[in-house]
Each structure stands twice: as C-alpha cells, then as structure tokens.
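Heads up: the structure comes next, in structure tokens.
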Amino acid sequence: MPRHKTLVSIGHRVMKRFNQLDLRVNKEFVIYMVHLLARDRRKGLLKYDLNKPTACAIEGFVNTIVDSYVNSKDCTMANMKMAWVMKKGVTIDLEYVKKQYEEKFQTELQLLIKDILQYPETCSKLQLDQLFAKMQVFIVACYNLGSPKNHVLLKLTAQALNSVIGRSDLQNYVLKKKYHRLEYLQRLSATVGGIVIYNNDGPDGDRENVRSVVNDLEMAQKNTEAAFAASMERAVKMQSTCQAAMDDLINIDHKDETLTYRVPLEHLDRLNQFAATYFMLHRCLTTLNEHYQKTVYLIEVEHKRYQCVICKIDDTLSMRTAIDSELIFPHFVYLSQVWGNLNNYLNHIVELNKLREQVEALVVDDLMTLTKATIAELQALHKRIKKPKVSSFEERMDAVMELQTDGNFCTLNKADIKEFCSLAMTITNGLLMPAQVTRKLCSNVDITFGFRDPRYARFAELRFEPFIAAFRKVVFNNADLALLFKLDDALIEQELQDLIIEPPKQTDFECQTEMVVTNDLSPANWINVTWNAWDYHRETIHLANIRKKQTNDAQTNISYGRRNAQNQTYNCRQHK
C-alpha cells in the first residue's frame, strides 16, 4: 500500500543518513523508530497524507529522526532505546543465560577434552604424566574453581585427584572399555571438583587461590541491590519533582469541570517528556529488579542445599576412618552440581547488571540538569503571564478529537495505566498526573483506569463515550505514552498489517498433460473417479463398441435349460 511504501522509503533514507554519519544502527530498530514516530503528534506525520506525502514533509521527518538519535538529551529517543533494550535483552531470562553460558563453556572445553581423550591405550609414563596434568586443568576450568594457571590451585587439585584415581590408575583409565572415556572423565571431574570445594569451604579454606562462589554471590548481591536502590531512588525523585511542578502550573476544578493554566500546554509537554523518561527508567529498573529478586530466592534455596550437603559430608567423615567410595563420592558429585548452579545464578546477576547499566546509560546526567532548568523556566513564565486561560473539560476533549488514530482500544487492557490520572491525561493532552483511586469503567473490557479523585471517575462514567474516544487518541498519538504503557508493539503490528499483498488479476496456470490410458479397463485396474474427463469419453466409446458386437443368439426364459428348444412343442394351458 502507498502508506507502507512511504514508511519503508523513509526507513531506507534514515539508514542511508546513519551510514553517512558512520553510525551502526540496527535495521530493525530503524523500522521500529520510523513506524512509531510517524504516529507521534509532535514529531510525526499525522498532519500529512502518507499516501501522497510531500518531499518537504519526508525530509523534515528524516532530519527529526536522525537529530533525535544523535541527541543524547532527547527524551522520546531515550524512551525508545530503553524499550528496545528491554525487548531485545534476552539475558533477562535465567534459562537463556544458563543455556548460552553452557554452550559457550562447552565449546571452549572441547579442545581440552579432545586433547585428554587422544591418548592411546599404550601410553608411556611421560604421556600419563601429561594426561594427569591436563585432567587437573580440566577440573579447575570445568567448575570455575579459579585460574588454571595458578600452581597452588593445581597442586590442591592434584591432591584431590590422587585420592580418587591416582597416577597408577591412569593406565587402567586408558584401558577401560566398559566405560566411555568422556563419561568417566565427567564423573571424575565432578567428584574431584567436589573434594576441592569441600576442602576449601569455611574460614580455613585457601581463599587466595581457590575461588568461593558463595562469597562472590554475597558481594554481587550487595553491590546489585545498592545499584538498583540508588537508580530507582533517583528516578522516583525526578518523576516526583516533575509531577509536583506540573501540579503547580495547572489547576483542575472538578466542580466547575474546568482546566485553568497560564503556561501553554505545549510548553508543559516539554516537562512531561522528562517525567515520562524517568517513569520509563523506573519501570525498566523495576522489571529487572523483579527478575533479580527471583534469582535471589533461587540462590537462597541453593545455598541451603550447599550447607546441607557440606554438613552431610562432615557427618559421614566424622563417624569412621575408612570410608567406602560409593558412600561418600555421590555427596561430592552433588556438591559440584550445587556449585555449578550457584555459578549460573552469579552469571545471571552479571547479565542483569549489564542490562541495568545499558538502561541507566541512556538517561544521561545532563538530563537531570536540563529538567531542573526547564522547571525553573516554566515557573518564571507562569509568573510573567498574568491572565490565565480557562477551558472546560468538554472543550479540551473536543480539541483532541481532530487527531486520527487506528490504535485498538482493547489493547489498553495490557497497559498499566492505573498509576496516572486518565482524566488529567485526556484534558491536558497527555500530562502524567498521579492517581489516587482506580475504576473499571468498561464491563466488557478488563481495563483499570486511575483517577486523582472519585469525582474525576464520576465525570468519566457520566461522559464515558467522549472520554474514551479522547483518551484513546491522546494515548495512541503520543510516542512517549505508547512506550511507557507498552503499547508500541500493538501500534507497530497494526501498521504492518496495512501491508496486504493483493493477488494478481492474471496468473499462469500450470497443469499436467493428460495421462496415457491403456486398453486394460478391467475393474481391478480401473478407477471410476478420475480427474481427466477424456477417460470418461474413452470408457463410453469402449462400452458402445461392446454393445455393437452383441449377438442375437441368446436364451430366453422359456428355452433356458432345455435341449433343442426350437423343435419342441408344449401344450399351453387351457383358459376357460
């Protein structure tokens, strides 16, 4: 369609401009930007017909996108980048992190495993010594016990390895046929790794040479919680400052149903963009923190298992001097498995911190300074303007009715809008004011609206249809609100659905030539249902041929079973 072709053309032009500026931007992100910003009432193309756009409009839109991307203080672009990081941040999922780290780790270990398994059955003493040394490195690397170059750690690993297999048993390991070498090597490394972990657990462990994943997790949790708390506190402080300033600059009278303001709403929208950015930052950090808390719970459970198996090994070793390997070795294997799980949780915390740092980097420190300067500027303008402007709620809702959108109202049930006053957003064209009460206005759609006061909710209930129509246009024509409420995907899907490939009016028909039919038309070889009409014609001709060849020498009912029936006479029955 022309509309979609226009947006695709704009996307190509934006990519070309980025290449000229030596900027490596993801093509998918460019498509995301173009489709979302085209619907924005401030930066978009709502005033133009995308089916027949003007060259000036397209050039201005392309310049707006490029300038916004380059400008680190642009709030809408920062919101889009944060939303994109959260969409593409697959490392937020613990199972994905475990799988990726495991695959990467196994790829790196393949060379060492191949080197260990290459030794022949007839190994010399020197080769067995090399095999023993490589096994030590494999065990240290397999369970992240420390640096494989640390000779003290390798010595501790050699002692544990000697207690399990010993150098004299290495020849038997090479000669073993009933066990697969790789499987035996993995079980051996799990047992020896558990012994090294157990020997260095507690205050008497060698912490300078042997790594302690428990201590690493404690440090990582402490630093991560402090970082999340500081970032979220800063975001809450700035969003509260913005909302307090907007609350002072406008006055909403629910009794008279009027909105009074001195500073034009277009200027207040600048401050609202900063508020939306800090709300967006807070929601992204909240999502990351929720995943972090889930991982913390798993760490607590796994740490209890770790302490339990340590106590079990202590009890087993304290009861006797000679321990059967089949009794104690499974505990060491289980300890290695728990150690590996704790390592996976540590890796997940590292990845969550990387995502947190990416999100925080998009909200630069200069943005805070610019926010405070904007507040001071608007307050000064508010004092200079003597005569306030008063508008009724109906007038404000009628003003936004001119906007056009095809956003689906039902998608609002997935959006978290109850934190902000929906009526204030509607009559101020999107200003984010805090909500005190919640209401469900639609009986057939599960959407929870937020309102500053129950009387605001009453107004929305009484004027439900115009309120919903105006609210829908305000939200779907504001890129910042669409990003904050996670409606961007629904908007882009709706835009991409406009690309409908119509079938061509004329097509080439490919058909199979008719099949060659043999003379064998017996029931066993003939199928009555066929796709070829000529088969029926041939069958008709064939049956007609048989009919022509039919003779008259046929028996009648009278002559059936009688000899010389033509020469015999029979007395007919006399009828009275």
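Between amide H atoms placed 1.01 Å from N, distances below 5 Å from Arg262 occur with Lys389, all of them 5 or more places distant or on a separate chain. Between Asn199 and Val90, the modelled labels are 4.0 nm apart [label points 7 Å from Cα along Cα→Cβ].
Within 10 Å, count the other beta carbons around each residue, average over each peptide in 269-281, 241-253, 137-149, 452-464, and list them highest first. Present the calculation step by step, with values, prior to reporting the outcome.
Details: 269-281: 23.7, 241-253: 17.8, 137-149: 19.6, 452-464: 15.8.
Going by the mean number of other Cβ atoms within 10 Å, highest first, we get 269-281, 137-149, 241-253, 452-464.
Think of a 1.4 Å ball rolled over the protein heavy atoms: segment 77-221 then has 53 Å² of accessible area per residue. Heavy-atom surface analysis with a 1.4 Å probe gives segment 10-164 a carbon and sulfur content of 54 percent of its accessible area. Estimated from the Cβ-Cβ distance and a Förster radius of 56 angstrom, the FRET efficiency linking Ser391 and Glu121 is about 0.05.
With 0.36 nm allotted per residue and the present C-alpha distance subtracted, the Lys549-Val437 stretch has 30.5 nm of extension available.
Phi angles across segment 224-229 convert, under the Karplus curve 6.51 cos²θ - 1.76 cosθ + 1.60 with θ = phi - 60°, into 3J(HN,Hα) values of 5, 5, 5, 5, 4, 4 Hz, Gly and Pro given as x.
The alpha-carbon atoms of segment 5-70, seen along their principal axes, cover 31, 19, 19 angstrom, with the largest extent given first. Extending 7 Å from the Cα toward the beta-carbon at both His542 and Lys155 defines two label points whose distance is 9.6 nm.
Here the calculated FRET efficiency for Asp489 and Leu111, from their Cβ-Cβ distance with R0 = 51 Å, stands at 0.75, rounded to the nearest 0.05. Gyration tensor analysis over the Cα atoms of segment 389-496 returns equivalent ellipsoid semi-axes of 20, 16, 13 Å (largest first, whole Å). Residues within the reach of a label modelled at Asp315 (point 7 angstrom out along Cα to beta-carbon, backbone nitrogen below 20 Å), restricted to segment 184-219, are 195, 198-199, 201-202. With the convex hull of the Cα atoms taken as the outline of segment 213-384, the averaged projected area works out to 14.3 nm². Computed over protein heavy atoms with a 1.4 Å probe, the accessible surface of segment 5-70 works out to 53 Å² per residue. Counting protein heavy atoms only, segment 197-335 has 51 percent of its accessible area on carbon and sulfur, 1.4 angstrom probe. With protein chains left intact and a 1.4 Å probe, residues in segment 389-496 average 42 Å² of accessible area per residue.
The values are calculated or read from the model by the stated rules, or taken from the named source; none is laboratory data. Keep in mind that this is a model prediction, so the values were computed, not measured. Every residue, glycine as well, gets a Cβ built from its backbone with ideal geometry; the counts of neighbours run over all protein chains shown. These area figures cover heavy atoms from the full protein model, side chains too; ligands, DNA and RNA do not enter into them. Shrake-Rupley method; radii C 1.70, N 1.55, O 1.52, S 1.80 Å.
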